[in-house]
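Read-outs throughout are calculated quantities, based only on the coordinates presented, and are distinct from any laboratory measurement. None of these values were measured; they are calculated from a predicted model. Here the Cβ positions follow ideal geometry from the backbone for every residue, glycine too, while neighbour counts run over all protein chains shown.
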Amino acid sequence: MENTIQILLLTALSLGAVMALQRLGGLSDAPGVTAPQAAPFIGGAAPGTHAWQRFHVRYYTMTLLFVAFEMEMMFMYPWAVVFVEEGIKALVEMGMFLAILTIGIIYGWREGIFAWE
Amino acid sequence: MSLIVGLPALLALLLIGLWAAAALDTAIGRLIVGRPVGMAATDPLRAVVADYLRQRTDTEAPDHLNWLLAPGYYFLLAVVGLALVPFAPDQSLIALDTSVVLWGAAEAVVVVAVFLHGWSPNAPFPLIGAYRYVAIGLPVMLLSMFVLIAASIPAQSLDLRAVVESQRGLWNVIRQPLGLPLFLAVVMSLTLRGPFDYADSADLAGGTSAEDGGPRWIAWQTARAAMLVAACAIAATAFLGGYLGPVLPGWLWLSLKTLAVMVAVVLLTHLVPRMPVAQMLTLIWIVLLPIAFLDLLIAGLGAL
Amino acid sequence: MGMSWARAFAASGPPPVFAAIGAGGLQRAEELHGTLRLQRSPRQAAILLVLGEIAPDLLPFLQRLHDHLPHPRATIWHRATPPGDWTDPVQATADGLERTLTDLWRSILSGDRASEPDFLPDKPPNEWRGVGPHGQGGKGMMGGTPYGRPMAMTDDDLRDGLSLDAYSAPFGPFLPMLPPGLILDLTLQGDVIQSATATRPPCPQPGSDDRPGDAIARLMRVMDMPALALRRTRDGLPPAMGIAMLRRAIPDGLGRARDGTDVRDRLDRWRDKDAPQADDGTRLSDLLPGLEWHEAMIVLNSFQPDRIRAICARSGPEGGDEDDKDGNRDAPAHAPPDHGGHQHHDMTGPAA
């Protein structure tokens, strides 16, 4: 409970400090941001459309592999704590688990999921 | 430890760390160019004050709230990381017995903070930087998890305080020699630097920060430097024995080791080029991740 | 002077500068990287440094760039002639640039010199009114011009045929990672280039072609090695160790031109100080489509100024074969008349 309160306090202080840093800064007598000033910077030319779009995410297949490894982490945290007690058995178990996931990486590599397709 | 003592200490450490990070970056950059170091200690301060006195610009129809908050998220994650670092036996601001897990979570959320920072301005370069960073930021987190779990094995605990104590005999950097080099890659990715800077890079005219002017620019760069301090302090704790050391007080040892890691990171930033994303993605999954497995194996066999 | 302590402290540091490079300014820009604080984006700059002659067709772009800088701001002309209607231009002589810069920085921070106002009128790029249920300025999901601009529309992807949004925009002519003066009309799906045409070729840079050290430095800067890019060994090149690292980070076979050389081959020629290669008829459409943004920037920076100028000159929007050999047309001849305005860029983009 005490930790939670401390983290919440740090959250409030950090967010507050950084927001204040941005809000209080800047010219007090500066004119407001005008339309030409607000146009996105692409080197002096003017874009035809807004930048927000249905962006083509090229790596979404990679993220599936990533999720598999993140699940593995759930298992690994407690495993690290009991490793020394369990000894060689824990090592073999984790070795088997990682071997299976490695097959996933090799398969994904063969399918070209790390290329920017 | 109580916040009344801890918070000012954390703040002091953070401010000194921020200044050291900026000065180091400037000084090492100049040394590599072959120019005199000059006023490297104060030049970053001048630049900060100058930017602070300038107009804060906006873009067309941005996501105002997230643009304002994204540097705050990033800064917060750095502060939480620093608060977990023990600076004397059993002394850290947040006394959590699963601090490795909390730091891992903070690392993962960095991807969200950087993405929001690039998404918010509604401009092409920040947007491309934001999406691209996710592709690299995610798998780099795996490296971090593996090497930090390897560091927790001899401690039989997920508490950074226990991780330091477990290094009384031998530091992890010697016991698990692959851990620290891999973690340096993680630090560069967390702080958007050099070979792992896929968010704020030169090929995108500054990427997610291309539209940041004046106070916005300072806020983001401050958060980035704070993350460098935090991640280097974690590296010093997990691999270089944290506060352990003879004669000098523990907090000074921790600071010196943090500074040493920072020098290494800044040097790598300047000396290693960034490869295209597809090559980096392959490198992380096919080369670096197996090396992380090996690190885990070495740590496991060593602990038996 | 009524300068506050903070302003005086800020003014004692180097001014943040954004360089807009015109004809003949590239070589000087390379020297200035070592002495000035050149920023990557105008948002972080206080002083716009116009370096080299700006052709009349580039002036509207320069004005739009100028308006991006936050206040207080100012412009300096160096090796460039300001147009007659530019109010109170500051010009810097060959060896007086740094002096002029610091004086100007001091005077805009103290308020002795007023910040330069916008050139362009303060109105949204397109008419829009908040009609439609979400104030989007049009009917339905895709219609209208919210906040003065339309949204990107879908198109089929070059690689996987997925129909996501295609983002078309003219990039340049004053982007630090593109050859100065080049206006590149790109259609992107995500960060992958679908089609590329040069609506305006880069400015001529006489004398830059026999400076391989500068060419390697530009490539290093794009790949984020800015400090090594400035260091020169006795043979005028960046350190050999840095070049070797750079070479290793470049994928084999990237950016193959019609003469069969890729980026690595061209880097090797610079390193060995071979004579610049003859033009081989390569077009942007041979090089860029299908490349991700970072790769594309590496490829564009792997040619000497004259060669990239020739490549761009034959990669115009008409795309015909008729001007295959002509890479040396004069700078202002090529921009279509609609580039001064905002609203002419229709959403369909160039056909892929």
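The amide H of C:Ala20, built 1.01 Å from its N in the peptide plane, has C:Leu49, C:Val50, C:Leu51 as neighbours under 5 Å, considering only residues 5 or more places off or on other chains. Amide H contacts of B:Arg56 (H built 1.01 Å from N, in plane; Pro and chain starts excluded): A:Leu27 sit under 5 Å, all sequence-distant by 5 or more or on other chains. Dividing the summed helix terms, -39500 (n - 2.57) for each DSSP H run of n ≥ 4, by the number of residues in the protein assembly as shown produces a 222 nm estimate of -15500 deg cm²/dmol to the nearest 500. Quick one: net charge of B:Ala231's neighbours, Cβ under 15 Å, K/R +1, D/E -1? The answer is 0.
Looking at the range C:246-294, the trypsin sites (Lys or Arg not before Pro) that sit in a DSSP loop and have at most 16 other Cβ atoms within 10 Å of their own Cβ are C:Arg256, C:Arg258, C:Lys273. Could you work out the percent of alpha carbon pairs in chain B separated by over 37 Å, rounded to a whole number? Result: 13 percent of Cα pairs exceed 37 Å.
Among B:Tyr52, B:Tyr243, B:Tyr131, the largest mean-square fluctuation in a Gaussian network model of chain B (Cα springs under 10 Å) belongs to B:Tyr52. All other residues whose Cβ lies under 14 angstrom from that of C:Gly161 are scored, Lys and Arg at +1 and Asp and Glu at -1, for a net of -3. Counting only DSSP beta bridges with both residues in the protein assembly as shown, the antiparallel share comes to about 55 percent. Averaged over the residues of peptide B:281-288, the number of Cβ atoms from other protein chains lying within 10 Å of each residue's Cβ is 4. The simple Förster model, with R0 at 60 Å and r as the Cβ-Cβ distance, assigns C:Ala94 and A:Leu24 a FRET efficiency of 0.90. Relative contact order of chain A, taken over Cα pairs closer than 8 Å and 6 or more residues apart, is 30 percent. Of the DSSP H helices in chain B, those with a Cα length along their own long axis of 24 Å or more and a mean Kyte-Doolittle hydropathy reaching -1.0 comprise B:3-33, B:64-84, B:99-119, B:124-152, B:215-239, B:250-271. By definition, a body whose alpha carbon gyration tensor gives a ≥ b ≥ c is oblate when a/c is 1.5 or more and a/b is not larger than b/c, and the range C:236-314 fits this oblate description. Close amide H contacts of C:Arg200 (hydrogens built in the peptide plane, cut-off under 5 Å, sequence separation of 5 or more or a different chain): C:Ile183. Sequence-ordered 3J(HN,Hα) estimates for the range B:191-196 from the Karplus curve with 6.51, -1.76 and 1.60 and θ = phi - 60° stand at 9, 6, 10, x, x, 10 Hz, glycine and proline given as x.
Counts of other chain beta carbons within 10 angstrom of each beta carbon in peptide B:196-203 average 5. Result for chain B in a Gaussian network model with C-alpha springs under 10 Å: among B:Gln221, B:Gln176, B:Gln91, the largest mean-square fluctuation is at B:Gln91.
Using the Cβ of B:Phe87 as centre and a radius below 15 Å, the other residues enclosed give a net charge of -1, where K and R count +1 and D and E count -1.
Derived value for the protein assembly as shown: Kirkwood hydrodynamic radius 27.2 Å. Basis is the mean of 1/r over every pair of different alpha-carbon atoms. Roughly how many whole Å is it from the C-alpha centroid of the range C:23-69 to that of the range B:257-279? Between the Cα centre of the range C:23-69 and that of the range B:257-279, the gap is 29 Å.
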